[in-house]
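Participant: The structure follows.
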Amino acid sequence: MLGAGDRGAARATWLGTGLLGLFLLPVSLSLEVSVGKANTIYAVNSTEILLPCTFSSCFGFRDLGFWWSYNGSDTFKILINGTVKNEKSDPRVHLKTDDRITLVGSTKEKMNNISILLRDVDFSDTGKYTCYVKNPKEKDLQHHATIFLQVVDKLEEVDNTVTLIILAVVGGVIGLLIFILLLKKLITFILKKTQEKKKECLVSSSGNDNTENGLPGSKAEEKPPTKV
C-alpha cells in the first residue's frame with residue numbers, strides 16, 4: 001500500500017502533468033504557418049513562380065509582423081518584410097530587397113495569405129525560401145515554414161504509362177469480379193426456378209396417377225350400372 005508521502009507525490013505528479021498540458025494546449029492551438037503540402041516546387045528559367053504562405057491563429061492578431069528570407073548555397077538575405085494591423089487590413093510592405101518580388105496575398109476575410117510572386121527566375125534563385133510570422137498578441141510568438149525552389153531548363157514530362165496500365169489491370173479485375181458475382185446470382189436464380197418447375201411437375205404427375213388408378217378422391221370416370 002502507498003503511504004501518505006507516496007500518495008502526496010502521486011497527486012503532485014498528476015497535478016504537474018495537468019498544468020503542463022493546460023500550458024501546452026494554447027501553444028499547440030495558436031499560431032501556425034504553412035507553405036503548402038509540397039516541400040519542393042519547380043520553376044522554369046525566366047518564368048515566374050508563386051511562393052505560397054498562409055498563417056492562422058486561434059487568438060487573432062494585431063500588428064502582426066512577417067518576412068521572407070532566402071537561403072542559397074552561399075547566400076542568405078531578407079527578401080521582404082511587413083506588418084498586418086488587424087484582420088480587416090491588408091499587409092503593408094516596409095522593405096523589399098528584390099524588385100522581382102511582389103506581395104500578392106491578402107489578409108482580409110480570414111484569408112491570412114502573405115504569399116509572394118517571384119518574376120524572371122534564374123538558376124541562382126534555387127534554394128530555400130522561408131516565411132516567418134510573429135504575433136505580438138500572442139506574446140510575440142513566432143513561427144515559420146520553409147519551401148525549396150528548384151529552377152530548371154524545362155519541366156520533365158511525367159510518363160504515366162505504367163500508372164495507366166496498373167489502373168487498367170485493377171479496373172479489369174474489379175469488372176471481372178462484378179461480372180462473376182452477377183453471373184453467379186443469375187445461375188442461382190435460374191436453378192431455383194428450374195427446381196420449382198420440377199416440383200410442380202412432380203405434384204401434377206402424382207395427381208394424374210391417382211386419377212387413373214381410381215383412388216379415393218380421384219376424378220376417374222364413373223362406369224354406368226350394369227343392366228340385369
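The values are calculated or read from the model by the stated rules, or taken from the named source; none is laboratory data. As the structure is a computational prediction, the values presented were derived from the model and not from experiment. Neighbour counts run over all protein chains shown; Cβ positions are idealised from the backbone, glycine included. Heads up: the accessible areas ignore ligands, DNA and RNA and are worked out on the full protein's heavy atoms, side chains in. Shrake-Rupley method; radii C 1.70, N 1.55, O 1.52, S 1.80 Å.
Participant: Six or more apart or on different chains, Cβ under 9 Å: which pairs go from a residue in the range 75-94 that's without any contact (Cβ under 8 Å) to a residue 60 or more places away in the chain and open to solvent by less than 60 Å² (accessible area, probe 1.4 Å) to one that's assigned to a loop (DSSP other than H, G, I, E, B) and among the charged types (D, E, K, R)? Could you list them?
Facilitator: So the pair list comes out as 79/98; 80/98; 83/63; 84/62; 84/63; 84/90; 86/62; 86/63.
Participant: Residue 97 versus (1) more than 33 Å from the chain's Cα centre (by Cα); (2) more than 23 Å from residue 70 (Cβ to Cβ); (3) touching a residue at least 12 places away in the same chain (Cβ under 8 Å): which is the lone unmet condition?
Facilitator: (2)
Participant: Moving to a separate point now. Among (1) open to solvent by less than 80 Å² (accessible area, probe 1.4 Å); (2) without any contact (Cβ under 8 Å) to a residue 40 or more places away in the chain; (3) within 22 Å of residue 150 (Cβ to Cβ), which single condition is residue 72 missing?
Facilitator: (2)
Participant: Continuing with this model, one more query. Report whether or not residue 109 is among the acidic types (Asp, Glu) and over 30 Å from residue 43 (Cβ atoms).
Facilitator: no
Participant: In this structure, does residue 121 turn out to be of a type in the set (A, V, I, L, M, F, W, C) and either under 14 Å from residue 53 (Cα atoms) or without any contact (Cβ under 8 Å) to a residue 40 or more places away in the chain (or both)? Before the answer, list the steps.
Facilitator: Numbers: of a type in the set (A, V, I, L, M, F, W, C): yes; either under 14 Å from residue 53 (Cα atoms) or without any contact (Cβ under 8 Å) to a residue 40 or more places away in the chain (or both): no.
Taking the combined requirement at face value, the residue does not satisfy it.
Participant: Any idea which residue in the range 100-120 is most open to solvent (accessible area, probe 1.4 Å), counting only those that are farther than 14 Å from residue 131 by Cα, within 26 Å of the chain's Cα centre (by Cα) and not aliphatic (A, V, I, L, M)?
Facilitator: Out of the qualifying residues, it is 110.
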